[in-house]
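What follows is a set of notes on a single structure, which appears directly below.
The values are calculated or read from the model by the stated rules, or taken from the named source; none is laboratory data. Remember, predicted model here, so these are calculated numbers, not experimental data. Here the Cβ positions follow ideal geometry from the backbone for every residue, glycine too, while neighbour counts run over all protein chains shown. Side chains included, ligands, DNA and RNA excluded: accessible areas come from the protein's heavy atoms. Shrake-Rupley method; radii C 1.70, N 1.55, O 1.52, S 1.80 Å.
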Amino acid sequence: MLIGSYRHVVDPKGRVFIPSKWRGELGDSVIVMRGITAADEGKCLRAYSQQSFMKTFEKLNDLPVTDVLGNRFKRQVLASAGGCEPDKQGRILLAPKLIEYAGIGDEVVLVGMSDCFEIWNAEAWDASEEGFSAEEWTQALDVLAGRGI
């Protein structure tokens, strides 16, 4: 399970370290793509193991051709996806278009999301943590309670 958060420096080539605790679960290849966030949350990247990616997105293949919005979403998300093989030091190379999309600078925060992890610009992550109000906590708890969690 990918949990916790880790702050890392992005090297000049666009490589970032994967926490050693996560490497075994991710395997030999990581799929990195645009993050799926609400417009007001900011932009991040999401990274999946091959197995987790297939499990998460297999339902997209069932979309009918007539589902215009669903197919537009599928196109936008999957067009940005690409495989990365961690090097011997446990780093993955982020594509320049993904770095630009998420506003990745010199420092990132990797956030475990159970079956995947997100890669945030460190400043954007810090701002998002400060911006979670008591009202939003209450709303989130209501949603979770409605789902039996």
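Which shape class, rounded, prolate or oblate, goes with the stretch 13-96 when its Cα gyration tensor gives a ≥ b ≥ c as root eigenvalues, a/c under 1.5 marks rounded, and past that a/b bigger than b/c marks prolate?
Numbers: a/c = 2.45, a/b = 1.74, b/c = 1.41.
Since a/c reaches 1.5 and a/b is larger than b/c, the shape of the stretch 13-96 is classed as prolate.
Got a sec? Charge dipole of the stretch 1-68, +1 on Cβ for Lys and Arg, -1 for Asp and Glu; which of 9, 51, 26 is way out at the positive end?
In the stretch 1-68, that residue is 9.
Working out 0.36 nm times the residue gap between residue 93 and residue 78, then minus their Cα-Cα distance, what length gain in nm do you get to one decimal? Please report the intermediate quantities before stating the final value.
Details: separation 15, 0.36 × 15 = 5.40 nm, distance 1.79 nm.
Length gained, residue 93 through residue 78: 3.6 nm.
For the pair residue 11/residue 140, report the inter-label distance in nm, with labels modelled 7 Å from Cα in the Cβ direction.
Result for the modelled spin labels: 3.4 nm.
Seen from all sides and averaged, what is the projected area of the convex hull of the Cα atoms in the chain, in nm²? Could you put the intermediate results ahead of the total?
Details: hull surface 39.8 nm².
Taking a quarter of the hull surface, the average projection is 10.0 nm².
Say we join alpha carbon atoms closer than 10 Å with springs in a Gaussian network model of the chain; which of 73, 117, 53 then has the biggest fluctuation?
73
Mind scanning 43/97; 13/74; 13/97; 59/97; 21/43 and naming the pairs with a C-alpha gap bigger than 23 Å? Kindly include the intermediate steps, with their values, before the conclusion.
Details: 43/97 13 Å; 13/74 29 Å; 13/97 13 Å; 59/97 26 Å; 21/43 25 Å.
In this structure, 13/74; 59/97; 21/43 exceed 23 Å between Cα atoms.
Could you work out which residue, out of 127, 95, 38, moves most in a Gaussian network model of the chain, that is, has the largest mean-square fluctuation with Cα springs under 10 Å?
So, out of 127, 95, 38, the one fluctuating most is 38.
Using a simple charge model, +1 on the beta-carbon of Lys and Arg, -1 on the beta-carbon of Asp and Glu, nothing else, what dipole does the chain show about its Cα centre, in debye to the nearest 20? Mind dumping the intermediate values first?
Working: 17 positive and 22 negative charges, 144 e Å.
So the magnitude is around 700 debye.
Fully extended, how many nm does the chain gain between residue 55 and residue 67 (0.36 nm per residue separation, minus their Cα-Cα distance)?
Gain in length upon complete extension: 2.2 nm.
Just want to confirm a number: the relative contact order over the stretch 1-52, from Cα pairs under 8 angstrom separated by 6+ residues, in percent.
Working: 45 pairs, mean separation 14.9, N = 52.
Worked out over the stretch 1-52, it gives 29 percent.
Let me check something: with ligands and nucleic acids excluded, how do 74, 55, 88 order by accessible area (1.4 Å probe), largest to smallest? Provide the component values of the computation, followed by the final result.
Details: 74 45, 55 155, 88 200 Å².
Result, largest first: 88, 55, 74.
Taking Cα pairs under 8 Å and at least six residues apart, what relative contact order does the chain come out at, in percent? Present the calculation step by step, with values, prior to reporting the outcome.
Values: 213 pairs, mean separation 51.2, N = 149.
Contact order relative to length: 34 percent.
Can you compute 3J(HN,Hα) from phi for each residue in the stretch 8-14, using the Karplus curve 6.51 cos²θ - 1.76 cosθ + 1.60 with θ = phi - 60°, rounded to whole Hz and x for Gly and Pro?
Values per residue, Gly and Pro as x: 9, 8, 8, 6, x, 8, x Hz.
Under a 5 Å amide H to amide H cut-off, with H placed in plane at 1.01 Å, what residues pair with residue 10 once short-range neighbours are removed?
Amide H neighbours of residue 10: 107, 108.
GNM, the chain, Cα, under 10 Å: largest mean-square fluctuation among 128, 29, 49?
Result for the chain, Cα springs under 10 Å: 128 fluctuates most.
Quick check for me: using +1 on Lys/Arg Cβ and -1 on Asp/Glu Cβ, what's the dipole size of the stretch 1-72 about its Cα centre, in debye to the nearest 20?
Numbers: 11 positive and 8 negative charges, 62 e Å.
Value, rounded to 20: 300 debye.
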